[in-house]
Amino acid sequence: MNKTRLRSVLVWTVVAVVGAVAWAVLALSRGENVSAVWLVAAALGSYAIGYRFYARFIAKKVLKVDDTRATPAERLDDGVDYQPTDRRVLFGHHFAAIAGAGPLVGPVLAAQMGYLPGTIWIIVGVIFAGAVQDMVTLFFSMRRDGKSLGQMARDEIGPIGGAAALVGVFAIMIILLAVLALVVVNALAKSPWGTFSIAMTIPIALFMGVYLRIFRPGRVVETSVIGVVLLIAAIVAGGWVQTSSWAGFFTLEPKTLVLWLVGYGFVASVLPVWMLLAPRDYLSTFMKIGTIVLLAVGVLVTAPVLKTEAFTEFAFSGTGPVFAGSLFPFVFITIACGALSGFHSLIASGTTPKLIQKESQVRLIGYGAMLAESFVAVMALIAACMLDPGIYFAMNAPAGVVGTTVQSAAEAVSNLGFTITPAELQAAAAAVQETTLVARTGGAPTFAVGMSEIFSEFLGGDAMKAFWYHFAIMFEALFILTTVDAGTRVGRFMLQDGLGNVWKPFARVSWRPGLWICSAAVVLAWGYFLYAGVSDPLGGINQLFPLFGIANQLLAAIALTVCTTLLIKSGRVKWAWVTGIPLAWDVAVTLTASWQKVFSSDPKLGFFAQREKYADALAQGKLLAPAKNTDQMEAIITNSTVDGVLAAVFALLVIIVILDAMRVWRKALLGPTPPTTETPYVASTLPESPKLVDLSSR
Amino acid sequence: MTIRLDAVACNELRPHEVVVVDWHVTGMCCADSGEFSVRVLRRGKLHRGLRAVDAMPSGAVYAHPTAWAHLAGRDVTVSCRRIGPIRWFTTDLPPDAGLRACMGRLPPS
């Protein structure tokens with residue numbers, strides 16, 4: 001054994017031992033205080049092993065990456081004017097693109113089952129499913145000149161699978177927008193500080209757009225610095241507004257916020273790109289990367305203790321107040337981004353494959369960036385699990401369970417088996433200068449409280465807690481508002497494109513009535529779910545989030561089906577299990593969740609059982625809690641019917657895609673080898689990139 | 001890919017300036033898309049991330065790497081409108097060109 005190899009073996013042995021010890025501590029601790037550092041160590045150790053061994057195995061044995069083959073980035077131009085993007089830069093672009101608000105919300109909600117289920121799924125899920133999906137999709141798209149997932153689905157599976165994929169993407173977009181907007185509404189409702197700060201981000205972004213376009217063209221850094229300073233000023237000013245005569249103006253009810261958001265979504269999606277979208281892009285990229293790095297440093301410096309149990313009873317009973325349903329399948333539905341997210345396949349195909357320098361870099365960019373996103377999800381889980389469970393449940397259970405006062409919340413939380421006093425709840429709200437933290441569902445306020453605890457411990461002490469809380473709220477809302485306008489644009493585009501097949505004028509992208517009609521249709525669609533969410537007496541997020549999870553995993557199922565199909569069709573049948581097993585798991589999760597949401601006889605879980613219960617009561621002239629009048633009873637009946645139908649449609653889409661793909665698999669296995677859809681081999685003339693870390697012989 | 005400046009754009013572009021075809025990420029949950037924009041920049045302010053692309057006149061156009069990747073193989077014409085002292089550089093790309101490119105629906109030029 002030569003020296004380099006010996007050093008490599010030693011290093012990887014140490015990494016494996018550290019990871020294994022951390023896992024053992026997490027798995028065996030029951031009732032003791034567990035430091036979050038163990039969670040970080042388990043995550044980092046596992047990621048390192050996964051990246052070094054499993055990702056390398058997939059790259060070399062399964063995909064057979066070939067660095068002598070020119071990538072689209074090299075072939076697309078003459079190689080004179082353009083140099084394909086450096087892998088470190090591309091990693092940053094790809095990571096910034098995939099790490100949005102998603103990984104910050106799901107883990108917080110899943111914390112109701114304890115820290116261990118979420119931790120295991122985030123880490124194991126990313127290594128064997130999420131990162132694999134991203135990497136394999138990136139590879140196959142790269143071999144096809146950067147074709148999008150939809151194109152690959154149409155080409156490789158057929159028009160039925162392709163159409164189902166398209167419908168799936170559109171449906172997920174609508175539900176996603178409603179869910180994320182609901183997170184913002186719940187975070188800003190009756191919070192003048194938060195509402196003012198977020199409202200200010202719009203004129204700040206518009207000002208930056210005009211400044212960059214008209215006053216100081218090209219001064220991106222200067223404009224971004226001004227933007228960040230103005231953002232901080234908006235947070236500080238929010239504190240003053242809260243205690244001023246303006247407070248009433250910025251204290252908005254959830255339904256009023258819905259109307260503002262719907263109006264904002266429409267305007268933002270039709271505004272020119274330079275005006276709002278471009279300056280916000282600069283702002284949110286800096287905020288995103290800076291805040292996440294700061295949070296990671298904060299967790300390592302403060303080493304917070306996890307106050308949640310490893311498993312709460314809700315993991316097994318399925319009676320959790322945050323969302324109904326037991327550990328399987330609902331942890332895997334609730335945590336999508338960070339473990340396995342179908343959305344990533346949209347970016348892993350399309351943009352990134354057109355920029356990659358060498359084929360072997362799919363490992364760093366596809367697999368590595370997803371591991372980094374998973375780490376963000378771990379941070380969010382820590383932020384939720386370091387809170388006192390009493391506060392966590394008082395914040396995340398809907399008003400129908402905990403009421404609206406600290407007294408009712410303290411009593412309800414005690415009934416759940418946790419201890420919290422009204423005074424403690426009041427003090428927690430006062431510490432972040434909010435009037436109440438009771439029933440602040442959606443995950444964002446919980447994450448913000450956790451983040452403010454971590455930040456204030458090493459940056460400014462208790463006096464800064466309120467500032468950091470509102471900083472975190474703004475940080476999340478900035479992501480989400482970007483999603484609202486971008487998602488509405490995407491939804492509008494898809495609708496225009498689809499309707500263009502039925503009536504030609506819609507396909508003409510410059511036809512303004514088409515633009516406005518489709519924009520209005522999309523904002524009304526997600527606005528309906530948002531409105532239903534905020535007015536649902538049962539609580540909106542616990543009804544909508546499972547639907548979002550199912551829809552996201554549906555997209556993952558489509559992506560994994562495309563990958564498995566391509567592995568089979570490209571003569572890699574013996575390695576089809578690499579994406580086939582995650583696909584089987586994902587289908588099991590999605591279909592079980594859909595089945596339970598549609599057919600469960602438990603009204604807390606099954607949408608139709610819930611509908612039947614409330615419809616029967618209404619027919620008998622009775623009111624069932626938490627509904628306080630017949631209008632609310634009717635709202636519950638309508639919402640559960642719509643949600644149930646959607647859950648059934650999502651399940652149907654998964655089944656259609658899988659059956660269509662199985663037809664293609666059968667044909668590929670039994671018939672002659674199908675023609676390849678890869679672009680032909682062209683020898684690369686680019687020199688090999690030097691190793692990032694020359695640790696071992698690879 | 002060739003990016004051609006029409007006569008108005010050539011006329012409005014000052015000697016020390018270039019046209020930049022930029023790319024703006026639009027976040028969607030944990031995946032993104034993007035959109036093109038076009039602006040002018042002083043030659044001295046060009047940063048390393050921007051690349052010169054085939055252009056007429058030569059050397060007059062730079063592009064963000066992602067914008068370049070989506071525009072490779074296309075011919076684009078840049079024009080300019082003047083409203084008082086303000087110059088608006090525009091392209092003949094269709095609306096939502098960035099979105100269309102990401103979703104594989106940008107028609108060939």
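Total residues in region A:485-532 satisfying the condition of being basic (Lys, Arg), surrounded by fewer than 16 Cβ atoms within 10 Å (Cβ to Cβ) and assigned to a helix (DSSP H, G or I): the figure is 2. Being within 25 Å of residue A:311 (Cα to Cα), open to solvent by less than 10 Å² (accessible area, probe 1.4 Å) and in contact (Cβ under 8 Å) with a residue 24 or more places away in the chain holds for only one residue in A:419, A:446, and it is A:446. The set of residues in region A:290-301 being farther than 12 Å from residue A:382 by Cα and either in contact with a Pro (Cβ under 8 Å, 6 or more places away or on another chain) or open to solvent by less than 70 Å² (accessible area, probe 1.4 Å) (or both) consists of A:290, A:291, A:292, A:294, A:297.
The residue that is surrounded by the most Cβ atoms within 10 Å (Cβ to Cβ), counting only those in region A:593-607 that are small (Gly, Ala, Ser) and free of Cβ contacts under 8 Å to residues at least 12 places away in the same chain, is A:600. For residues that are at the interface with chain A (Cβ under 8 Å from one of its Cβ atoms) and not β-branched (Val, Ile, Thr), scanning just region B:64-81, find the one that is surrounded by the fewest Cβ atoms within 10 Å (Cβ to Cβ). Residue satisfying both the conditions and the ranking: B:73. Taking residues in region A:152-172 that are closer than 16 Å to residue A:136 by Cβ, and partners anywhere that are of a type in the set (D, E, K, R), the pairs with Cβ atoms closer than 6 Å and at least 6 places apart or on different chains are A:157/A:660. Among the residues making up region B:82-93, those that are free of Cβ contacts under 8 Å to residues at least 24 places away in the same chain and either among the basic types (Lys, Arg) or surrounded by 13 or more Cβ atoms within 10 Å (Cβ to Cβ) (or both) are B:88, B:92. State whether one or more residues within region A:6-29 are in a helix (DSSP H, G or I), in contact (Cβ under 8 Å) with a residue 60 or more places away in the chain and under 27 Å from the mean Cα position of the chain (by Cα). Within region A:6-29, one or more residues are in a helix (DSSP H, G or I), in contact (Cβ under 8 Å) with a residue 60 or more places away in the chain and under 27 Å from the mean Cα position of the chain (by Cα). Of the residues making up region A:445-495, those that are more than 14 Å from chain B (Cβ to nearest Cβ) and not basic (Lys, Arg) number 29. Going by what's in this entry, would residue A:392 be described as modelled with pLDDT of 95 or more, aromatic (Phe, Trp, Tyr), in contact with a helix residue (DSSP H, G or I) (Cβ under 7 Å, 6 or more places away or on another chain) and over 21 Å from residue A:542 (Cβ atoms)? Here the answer is no, as residue A:392 does not meet what is asked. Residue B:12 meets all of the listed conditions (1) open to solvent by less than 30 Å² (accessible area, probe 1.4 Å); (2) away from chain A (no Cβ under 11 Å) but one, namely (1).
Residues considered: A:323, A:266, A:316. Of these, the only one that is more than 14 Å from every other protein chain (Cβ to nearest Cβ), under 20 Å from the mean Cα position of the chain (by Cα) and at pLDDT 85 or above is A:323.
The values are calculated or read from the model by the stated rules, or taken from the named source; none is laboratory data. Please read all numbers here as calculations on a predicted model, not as lab measurements. Positions of Cβ are backbone-derived with ideal geometry, glycine not excepted, and every protein chain shown enters the neighbour counts. Heavy atoms of the whole protein, side chains included, go into the accessibility calculation; ligands, DNA and RNA do not. Shrake-Rupley method; radii C 1.70, N 1.55, O 1.52, S 1.80 Å.
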